[in-house]
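In what follows, a structure is listed as structure tokens, so that the remarks can point back to it.
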Amino acid sequence: MKAFGFTCALLGVLLLTTGSTFAADSSVVAPGAKLEKLGEGYGYTEGPAADVDGNVFFTDDPNDRIVKWSAVDGKFFDWLKPAGRANGTYFDKVGNLIAVAPDKGELWSIAPDKKVTVLVTNFDGKVFNGPNDLWIRPDGGIYFTDPDFGSDHDQSSRVEGQNVYFVTPDHKAVTRMTADLFKPNGIIGTADGKVLYVGDYGAGETYAYDINPDGALTNKRLFCNFGSDGMTIDSEGNVYLTQIGVAVFDKTGKKIEQIDVPETTTNVTFGGKDNDLLFITATGSVYGLKMRVKGAR
């Protein structure tokens, strides 16, 4: 999530509208596919994540709810409300929806029966600025970003800096993994758990890191000059960044596709029955686009 004033200012630079058709030679989009508006009328959509059946869950921050989109019939319904002002979400291997809940600066695990377990509440006795987005590596370790987009907590009670944190697979320890980012936001890792991408929204850049078994991040390098809000990755290792449409970069950091959307984009994931629907959250609406590639598993 980002500051609303800046979000609105970006709208004027978006050029194409819903219904744009992609050429047959598009590198990642299905030939002839069109961007479709799947739903609208939301306060501010964010944090989509797909379950094993391809249903997509996303957050609507101003209305404090998590909404479910059905991969079977395309219908929407409120799944959890209230929801801790949830932002980013990600499913773990056993079907729990892990969500950052910035209302109280927490990290939640939401079971299929909607029972909430609070996994993380603070770091060294200090509250977080506002946990924003997360990714779960193959062994269950969780990385999440903690930018400051405005907090109800007094500055003296909050952690210093805006950083990336790591939660061990057993959820018993939290460690700060960065100390030099301006405003980390979007985050995603490769399916093999070896590389982590972090969008530094404030710096307008996205970085790649090597992931150590103990969670440490090493070999920081510039991936691209684009600071992403939300992120996802496909089965070929291409990285999808949001803010102005969806910008797609291959694993070397070369831009290979631009998907324009008539609203400022906030996040993105793969869903649908065949895991080939690019599901895009974009301020007050959500969009879908059929892809040639599938989401990484």
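Restrict the check to region 72-87 and report whether at least one residue is within 21 Å of VAL198 (Cβ to Cβ), under 19 Å from the mean Cα position of the chain (by Cα) and surrounded by 16 or more Cβ atoms within 10 Å (Cβ to Cβ).
Yes, some residue in region 72-87 is within 21 Å of VAL198 (Cβ to Cβ), under 19 Å from the mean Cα position of the chain (by Cα) and surrounded by 16 or more Cβ atoms within 10 Å (Cβ to Cβ).
Mind telling me which of the residues ARG137, ARG221, ARG176 ends up being in contact with a Leu (Cβ under 9 Å, 6 or more places away or on another chain), at pLDDT 95 or above and among the basic types (Lys, Arg)?
Criteria check complete, one pass: ARG137.
For region 216-248, which residues satisfy the criterion of being of a type outside the set (A, V, I, L, M, F, W, C), in a strand (DSSP E or B) and more than 15 Å from the chain's Cα centre (by Cα)?
THR218, ASN219, LYS220, ARG221
Please pick out the residue among ILE142, ILE136 that is surrounded by fewer than 24 Cβ atoms within 10 Å (Cβ to Cβ) and either touching a His at 6+ places or on another chain (Cβ under 9 Å) or under 29 Å from ASP192 (Cβ atoms) (or both).
ILE136
Among residues belonging to region 232-254 that are buried (at least 19 other Cβ atoms within 10 Å of the Cβ) and at positive phi, point out the one that is modelled with the highest pLDDT.
Selected residue: GLY245.
Would you pick out the residues in region 249-297 that are touching a Cys at 6+ places or on another chain (Cβ under 9 Å) and outside any loop (DSSP other than H, G, I, E, B)?
Those that are touching a Cys at 6+ places or on another chain (Cβ under 9 Å) and outside any loop (DSSP other than H, G, I, E, B): PHE249, LYS255.
Given the criteria among the hydrophobic types (A, V, I, L, M, F, W, C), closer than 19 Å to GLY41 by Cα and more than 16 Å from the chain's Cα centre (by Cα), does VAL261 qualify?
yes
Taking into account only those residues within region 265-283 that are surrounded by fewer than 24 Cβ atoms within 10 Å (Cβ to Cβ) and modelled with pLDDT of 95 or more, which is nearest to TRP135 (Cα to Cα)?
Applying the filter and picking the extreme gives ASN275.
With the requirement that a residue be over 16 Å from GLY245 (Cα atoms), without any contact (Cβ under 8 Å) to a residue 40 or more places away in the chain and outside any strand (DSSP E or B), what does region 196-215 give you?
Selection gives ALA203, ASN212, PRO213, ASP214.
Consider region 73-96. How many of its residues are in contact (Cβ under 8 Å) with a residue 24 or more places away in the chain and within 14 Å of TRP135 (Cα to Cα)?
Counting residues in region 73-96 that are in contact (Cβ under 8 Å) with a residue 24 or more places away in the chain and within 14 Å of TRP135 (Cα to Cα) gives 7.
The values are calculated or read from the model by the stated rules, or taken from the named source; none is laboratory data. Model, not experiment: these values are computed from the prediction. With ideal geometry, Cβ positions are generated from the backbone for all residues, glycine too; neighbour counts draw on all protein chains shown.
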